Amino acid sequence: MGSLVVLVLASQSALRLSYSIASFFRVTNFSRAFVIAAFVVSLPELFVGISSAVGGAPMLSLGNVLGSNVIDLSLVAGIAVIVSKHFNAKSRALKVDSIVMAVLVLLPVVLALAGGGLSRLDGFILVLSFFAYIHVLWVERKDYHKVLRLKISAGRAVAYTALMFLCIAVMFCASLLVVFFGEAVASFSAPLFVIGLVLVSLGTSIPEFSFTISSLVAGNGELSLGEIAGAVAINSSLVLGIVALIFPFAVSFASIVLPVVFLVLSLLLFVFFVECCSAGVRAGAVLVLVYIVFLVSQIYRPF
């Protein structure tokens, strides 16, 4: 568990440092939330994925990605809506992002169910879809022109960059220990898939929650949901794609059907609220309730 805590703390530090570095380069709020923050908060899932694939345990990564996506789309998004009390999605970029994100979330599910798992060809398709997603974001960036205003000197920017890479290195080392911990627990109790789905995903989703709350406090509700959509898209495309390229794996329909049902339900509710432009406290409560039911169903599932 200590390795998971280190992984979370390092990712949060990297996220804060990335904001300072982005300010030095005067990037827009759009690039910070939809691209930079979304990528940084996905690093724990990426490193756990690489470590588990290299270690021959890709199901831990699959469970982590599915669990993290459910958490982001239900619990994190729900709390964001509740905290903001009334959310209005006016940006075309956010609406387009949510639709593209939905396609990317469903793509690995379709590939896995169609082929009985994810092959290297599937991995290549998923990684390619990630770059297509980045292209879409680049096209839609015109909705946001506001530039970050935090003043950072060149020397401090260099120092922050070095510290960020140090945090990333710590994250990678911690991810190796997380995989080792998961395998140790799996030898005594639950399967690796369930450990990633329930336990590891809670830890790796904390950076998304942290960024979402800080964005809401700063009055950037749309950017917080944009970061959630971006993180989910990256998890579903880049992370699973790299895992499949390193270690192709078979998937049992019976083992993933219930998590996939909750993933699709969370996805539909998230996209519906974004596309309908408005969501209140009740909508947020519904999203949180979806995660609670999901968590209970996984804790009491027979192994």
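The values are calculated or read from the model by the stated rules, or taken from the named source; none is laboratory data. All values derive from a computational prediction rather than experimental measurement. Ideal geometry is used to build each Cβ from the backbone, glycine not excepted, and the neighbour counts take in all protein chains shown.
Below are the figures for this structure:
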| quantity | calculated |
| --- | --- |
| Among (1) exposed (fewer than 13 other Cβ atoms within 10 Å of the Cβ); (2) free of Cβ contacts under 8 Å to residues at least 40 places away in the same chain, the one test that Ser297 misses | (1) |
| Test: residue in the stretch 257-277 that is closer than 29 Å to Lys95 by Cα, at pLDDT below 70 and either surrounded by fewer than 24 Cβ atoms within 10 Å (Cβ to Cβ) or not acidic (Asp, Glu) (or both) | yes |
| Output for the stretch 179-202, where each listed residue is at pLDDT 80 or above and of a type in the set (Val, Ile, Thr) | Val194, Ile195, Val198, Val200 |
| Tabulated pairs, the stretch 116-135, first more than 25 Å from Ser98 (Cβ to Cβ), second at pLDDT 90 or above and surrounded by fewer than 17 Cβ atoms within 10 Å (Cβ to Cβ), C-beta under 6 angstrom, 6+ apart or interchain | Gly116/Ala250; Gly117/Ala250 |
| Failed criterion for Ser98 (all others in (1) of a type in the set (Gly, Ala, Ser); (2) at pLDDT 90 or above; (3) touching a helix residue (DSSP H, G or I) at 6+ places or on another chain (Cβ under 6 Å) hold) | (2) |
| Scan of the stretch 246-286 for residues that are touching a Phe, Trp or Tyr at 6+ places or on another chain (Cβ under 7 Å) and hydrophobic (A, V, I, L, M, F, W, C), ordered by number | Phe262, Ala279, Ala283 |
| Residue that is at pLDDT 70 or above and of a type in the set (Lys, Arg), where the choices are Arg120, Arg156 | Arg120 |
| Qualifying residue in the stretch 215-238 (condition: of a type outside the set (A, V, I, L, M), modelled with pLDDT under 90, in a helix (DSSP H, G or I) and closer than 23 Å to Gly123 by Cα) | yes |
| Residues that are more than 21 Å from the chain's Cα centre (by Cα), part of a helix (DSSP H, G or I) and either of a type in the set (Gly, Ala, Ser) or at pLDDT 85 or above (or both), drawn from the stretch 246-256 | Ala254, Ser255 |
| Which listed residue is under 27 Å from Phe247 (Cβ atoms), out of contact with any Cys (no Cβ under 8 Å at 6 or more places or on another chain), buried (at least 24 other Cβ atoms within 10 Å of the Cβ) and modelled with pLDDT under 90, from Ala38, Ala33, Ala77 | Ala38 |
